[in-house]
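Engineer: The structure's right below; bear with me while I get my questions together.
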Amino acid sequence: MAGSTIRVVSGQGFEEAIAGFMAEAASLVAERGAGPAAYAEIGAMLGRLAARGDLVDGERLAGLHDSSAAAAIIGRHEDGSVLMLARFPQEAPTPVHNHNSWGVLRVLRGRDRYERWTRMDDGAEAGRADLRLEEEVALAPGDVVWFDGPPGDLHAQQGIGAPVWELVYFGRDPNAAPRAYFDPSTGAVTYADAAG
């Protein structure tokens with residue numbers, strides 16, 4: 001599928017544009033597999049979708065991570081992949097959490113303090129984890145970041161100076177199983193629904 005693109009035709013409906021993106025992304029992953037080359041192309045495809053300008057809509061969003069973050073799944077594909085619209089506040093970061101999936105995110109509006117964490121232990125002790133902060137970056141509109149599937153999906157996010165809006169494409173629905181929430185200072189791990 002080299003060189004494939006999603007073209008958003010002027011006047012094309014929101015649902016049609018999302019469905020087209022989902023089909024293109026699923027086809028790309030089926031052909032290339034989940035990995036950096038596919039993630040980079042999905043990031044570019046998210047940019048073309050974001051160019052519509054009608055994606056940022058607070059009425060679609062629901063609570064996320066038991067915080068003032070909010071999100072909504074705005075696209076689904078039969079292969080299990082989903083597209084999420086998310087907003088992260090500036091007041092406090094999300095807890096360090098997982099997604100049970102690989103994912104690609106693109107900043108739409110605002111700036112994001114994105115932290116990537118690594119689990120240092122083997123996970124043998126239930127309810128405990130030893131985490132290390134691997135990277136902290138400031139993302140601006142148009143920036144793209146991706147994360148691998150478990151255990152490479154641990155991160156935290158926070159808007160810088162204002163809320164940050166993002167599109168995130170996941171290889172599988174991150175809400176299909178309880179997420180793990182980590183407290184790096186105590187080592188505690190709890191599990192809950194993403195909206196919980």
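Since every read-out is calculated from the coordinates, none of them should be taken as a lab result. Keep in mind that what you see is a predicted model, and the values were worked out from it rather than measured. Note: ideal-geometry Cβ built from the backbone for every residue, glycine included; neighbour counts use all protein chains shown.
Engineer: To the nearest 20 debye, what is the magnitude of the charge dipole of the stretch 57-192 about its Cα centre, counting +1 on the Cβ of each Lys and Arg and -1 on the Cβ of each Asp and Glu?
Structural biologist: In debye, rounded to 20, the stretch 57-192 gives about 320.
Engineer: Hey, another quick one. With every atom except the alpha carbons ignored, what do you get for Rg and Dmax of the stretch 119-169, in angstroms?
Structural biologist: 13.9, 39
Engineer: Let me ask something else. Note down the relative contact order for the stretch 57-192 as a percent, whole number, built from C-alpha pairs under 8 angstrom at least six residues apart.
Structural biologist: 34
Engineer: Order these peptides, 118-127, 150-159, 73-82, by their mean beta-carbon neighbour count within 10 angstrom, highest first.
Structural biologist: Working: 118-127: 10.9, 150-159: 19.7, 73-82: 16.8.
Final packing ranking: 150-159, 73-82, 118-127.
Engineer: Plugging the Kirkwood radius over Cα pairs into Stokes-Einstein for the stretch 57-192, at a temperature of 20 °C and a viscosity of 1.002 mPa s, what D comes out in µm²/s?
Structural biologist: Once the numbers are plugged in, D ends up at 143 µm²/s.
Engineer: Return the long-range amide H neighbours of Ala192 (sequence gap of 5 or more, or a different chain), with a cut-off of under 5 Å between placed amide H atoms.
Structural biologist: Arg179, Tyr181
Engineer: Could you rank the peptides 87-98, 166-177 by their average count of other C-beta atoms within 10 Å per residue, with the highest value first?
Structural biologist: Highest-to-lowest ranking by the protection proxy: 166-177, 87-98.
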